[in-house]
1. In the range 131-151, is there at least one residue being assigned to a helix (DSSP H, G or I), within 30 Å of Ala80 (Cα to Cα), among the charged types (D, E, K, R) and at pLDDT 85 or above?
2. Considering only the range 28-41, state which residues are out of contact with any helix residue (DSSP H, G or I) (no Cβ under 6 Å at 6 or more places or on another chain) and either at positive phi or open to solvent by 50 Å² or more (accessible area, probe 1.4 Å) (or both).
3. How do the helices (runs of 4 or more DSSP H) wholly within the range 1-75 filter down when requiring 2 or more residues that are among the small types (Gly, Ala, Ser): which remain?
4. What is the residue count in the range 69-79 for residues that are in contact with a strand residue (DSSP E or B) (Cβ under 8 Å, 6 or more places away or on another chain) and either in contact (Cβ under 8 Å) with a residue 40 or more places away in the chain or open to solvent by 50 Å² or more (accessible area, probe 1.4 Å) (or both)?
5. Ile106: at pLDDT 90 or above, open to solvent by 40 Å² or more (accessible area, probe 1.4 Å), part of a strand (DSSP E or B) and aliphatic (A, V, I, L, M), yes or no?
6. I'm trying to understand the selection: among the residues of the range 162-178, which are surrounded by fewer than 17 Cβ atoms within 10 Å (Cβ to Cβ) and within 43 Å of the chain's Cα centre (by Cα)?
7. For a quick check of your reading of the model, give me the residue pairs whose first member lies in the range 82-101 and is part of a loop (DSSP other than H, G, I, E, B), whose second is surrounded by fewer than 17 Cβ atoms within 10 Å (Cβ to Cβ), with beta-carbon atoms closer than 6 Å and at least 6 apart or on different chains.
8. Quick check on my filter: what residues within the range 179-215 are modelled with pLDDT under 90, more than 46 Å from the chain's Cα centre (by Cα) and open to solvent by 50 Å² or more (accessible area, probe 1.4 Å)?
Amino acid sequence: MNKYVSAYLPLVDFIADCMGENTEVVLHDLTDYHQSVVAIRNGNISGRSVGSPITDLSLKVLKAATFEQTPYMANYQGVAKNGHMLKSSTYFIKDDSERFVGMLCINTDYHNLVSSRNLLTEMIAMMKIPNESAAISENLNMNVHELVMNNIHRICPDIGNLAETMQQREKMEIVDKLNEMGTFMIKGAISYVADALRVSVPTIYRYLNLVKKEN
C-alpha cells in the first residue's frame, strides 16, 4: 500500500464509528485501479469490499485532473447498491510531489431520514386546520375567569375602557353574543360578566331574559 495512503487507515474506522452504520467509508490506493479499495467500513451500502475496483467518478476525476484545483469534493450525489441516494464526499490524497495517489471517500445513505421526514410531513399536514375553519380556535389552559374574559375580549377587545360609557343596548348585544358562545353555561360566569360590564348580577339576568325574548 502506498505510504501516503496508509497514513489515512485510522481515519476509516474513526469516521465510520462516528457516523454510524448508514455511512460507508472507503480508502482507495490508486496504484492499481483494478483493486483500488484497500480499506472499507459498512461496505454493504455499495456492495464493495477490499480489492474492489475504482469507481466511474474517480476515473472522471483522474481524467479531468479535478484534484489539481481542489483538495476535496464535498456533498455530491451517489447511488447505493439498493438504489438509495447517497450524500458523498471525497478527499484527495497526494504525495509530496502533489501526485494524486489515493482517496478517502464517505458515502452516507440518508434514505431513512427522508422517509422519516416524509412521514412527519404527512402527519403535520393531517394536523393542520383547514382554511374554512380558521375562525375556530381553542385555548386549553384557562380557568373560568380567564375563559369568560377571553370571550368578552373576542367580542369587544377594549371592554376595560368602554364599559363605563356603553349604552344598555350595547351591553345587551355583548350579553347576547356571550350567550351564543355558551359562556353562561359555566357556573360563575354571570358575576364575571357583570364586573366586566360594570353592572350588577341581577342586571345581567335581566339582559339575558330580554335577549332571549327578542330572539
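The values are calculated or read from the model by the stated rules, or taken from the named source; none is laboratory data. Fair warning: this is a prediction, and the values are worked out from it, not measured in the lab. FYI the Cβ positions are ideal-geometry reconstructions off the backbone, even for glycines, and counts take in every protein chain you see. Keep in mind that these areas ignore ligands, DNA and RNA; they rest on the heavy atoms of the full protein, side chains included. Shrake-Rupley method; radii C 1.70, N 1.55, O 1.52, S 1.80 Å.
1. First, the residues of the range 131-151 that are assigned to a helix (DSSP H, G or I): 131-133, 144-151.
Next, from what is left, pick out any that are within 30 Å of Ala80 (Cα to Cα): none.
No; the residues of the range 131-151 include none that is assigned to a helix (DSSP H, G or I), within 30 Å of Ala80 (Cα to Cα), among the charged types (D, E, K, R) and at pLDDT 85 or above.
2. Thr31, Asp32, Tyr33, His34, Gln35
3. Values: elements: 3-6, 9-19, 56-64.
Of the helices (runs of 4 or more DSSP H) lying wholly inside the range 1-75, those with at least 2 residues that are among the small types (Gly, Ala, Ser) span 56-64.
4. Final tally of qualifying residues: 7.
5. Criteria met by Ile106.
6. The one that is surrounded by fewer than 17 Cβ atoms within 10 Å (Cβ to Cβ) and within 43 Å of the chain's Cα centre (by Cα): Lys177.
7. His84/His111; Asp95/Tyr4
8. Passing the criteria: Lys212, Lys213, Glu214, Asn215.
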